[in-house]
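What follows is a single structure, written as structure tokens, with notes after it.
Read-outs: derived from the displayed coordinates by stated rules, not from any lab. Note that this is a predicted model, so its numbers are computed, not measured. Backbone-built Cβ (ideal geometry, glycine too); neighbour counts: all protein chains shown.
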Amino acid sequence: MILVLIDHDRGEIDPLSLRALTAAKKLDQDVEAVVIGSDGAILAGIAGEYGAKVLHVASHSAIGDYTPMASGRALKDLVAKLNPAAVLAAGSPRGNEQLAHLAAFLDIPMAAECSEITLGRPHNVLRARWAGNLIESALVHSQLLVATILSFSTEPQSLGGPAASVVQFEPALEPADSVVKILSRDAGESKGGVTLNDAKVIVSGGRGVGGPDGFGNLEELAALLGGTVGCSRVVTSSGWRPHAEQVGQTGTKVAPDLYIAAGISGAMQHIAGMKNSKTIVVINTDPEAPILRYADYAIIGDLHQVIPALTSAIRAAKG
């Protein structure tokens, strides 16, 4: 049996978890899922649709919002009870963090960002290293495989199954398990209500935008295309845009239908977050910019002229 951690934010599922469920189903037809926090119980329907027979729900008074160490402790308790062959999760920052805690509690290795898994003694995994620029083949010498699934390496596949049966359990937490927790939240949602994970179109800006005021044209174009705005790490580090909009290895990994990169040179960390986009359009004054190697279409020019021209042309085409 394979156990899959379904990550959720106050009852709203992380879509990458559906890819983890699909990956698990390809390895073993016997799949069960787990959510941390009672809010996750409402995901029984979608868990069953994607192949999980049972949804284990970890409920505890100390688990309110995201508490990664408490998640690891809860997973440890469940692993001891179920004895699965593997525990999988999405290769997101949260998925990696929670399974890292589980592996630490069990004192076993963890394999992150896996694109292929072969269960055995030892287990064999292919996993992304160096922001996806290197694929590593590794042997994992542990009876239990703890691994996360590389984002967008597996297409989610609905099986149309019935809702998973819900089994509640209360993990035996220690006071230290809830020391790291969310105290408050800022509304980090993109304008227009479209998030990076959901957007089919992303218009992303980098240092070349020039400052926070320069993103007005990008916002206009993104809204016209029904998408949202993203940015590079240097932009968030400069305080021009919120971290919720950062695309990259330390931000959000995305795979929209259309990714427009304006004024972004293409550092390895940014490429890791957007290279799975179906169509990539690059706007840059530098014909030697590294990001051009990944472009389906390139416009060599000043984004402050190109973006308004694109916006005008699209408006005209829409009538």
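Listing for the model above:
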{"quantity": "Order of Val194, Val166 - criterion: other Cβ atoms within 10 Å of each residue's Cβ, fewest first", "calculated": "Val166, Val194"}
{"quantity": "Axial C-alpha extent at least 15 Å, average Kyte-Doolittle at least -0.5 - helices from the chain (DSSP)", "calculated": "16-27, 68-82, 93-106, 303-318"}
{"quantity": "Taking N as its residue count, the alpha carbon Rg of region 191-318 over 2.2 N^0.38 Å", "calculated": "0.93"}
{"quantity": "Rounded FRET efficiency, nearest 0.05, which uses the C-beta distance separating Leu134 from Leu27 and R0 of 30 Å", "calculated": "0.80"}
{"quantity": "Length gained when the stretch Ala316-Asn96 is fully extended (0.36 nm per residue, less Cα-Cα span)", "calculated": "74.7 nm"}
{"quantity": "Inter-label distance, nm, simple model (7 Å from Cα along the C-beta direction), Glu174/Lys81", "calculated": "2.1"}
{"quantity": "Cα convex hull of region 2-178 - mean projected area over all directions, nm²", "calculated": "9.0"}
{"quantity": "Sorted by Cβ neighbour density within 10 Å, fewest at the top, the residues Val167, Val235", "calculated": "Val167, Val235"}
{"quantity": "Computed magnitude of the charge dipole of the chain (debye, nearest 20; Cβ of K, R +1, Cβ of D, E -1)", "calculated": "400"}
{"quantity": "Taking Met110, Met1 and counting other C-beta atoms within 10 Å, the order from fewest to most", "calculated": "Met1, Met110"}
{"quantity": "Calculated SAXS-style log₁₀ I(q)/I(0) at q = 0.19, 0.20, 0.24 Å⁻¹ - region 230-275, Debye, Cα scatterers", "calculated": "-0.49, -0.55, -0.80"}
{"quantity": "Top of Gly120, Gly227, Gly40 by mean-square fluctuation, Gaussian network on the chain, Cα under 10 Å", "calculated": "Gly120"}
{"quantity": "R0 of 22 Å, Cβ-Cβ distance Glu219-Asp186: FRET efficiency to nearest 0.05", "calculated": "0.70"}
{"quantity": "Within the chain, longest stretch clear of exposed trypsin sites (Lys or Arg not before Pro) (DSSP loop, no more than 12 other Cβ within 10 Å)", "calculated": "11-184"}
{"quantity": "Computed FRET value (nearest 0.05) for Leu119 with Val166, which takes r as the C-beta separation and R₀ as 25 Å", "calculated": "0.40"}
{"quantity": "Residues with amide H under 5 Å from that of Val4, placed H, sequence gap 5 or more", "calculated": "Glu32, Ala33, Val34, Leu88"}
{"quantity": "Cα-derived Rg to Rh of the chain, Kirkwood definition", "calculated": "1.01"}
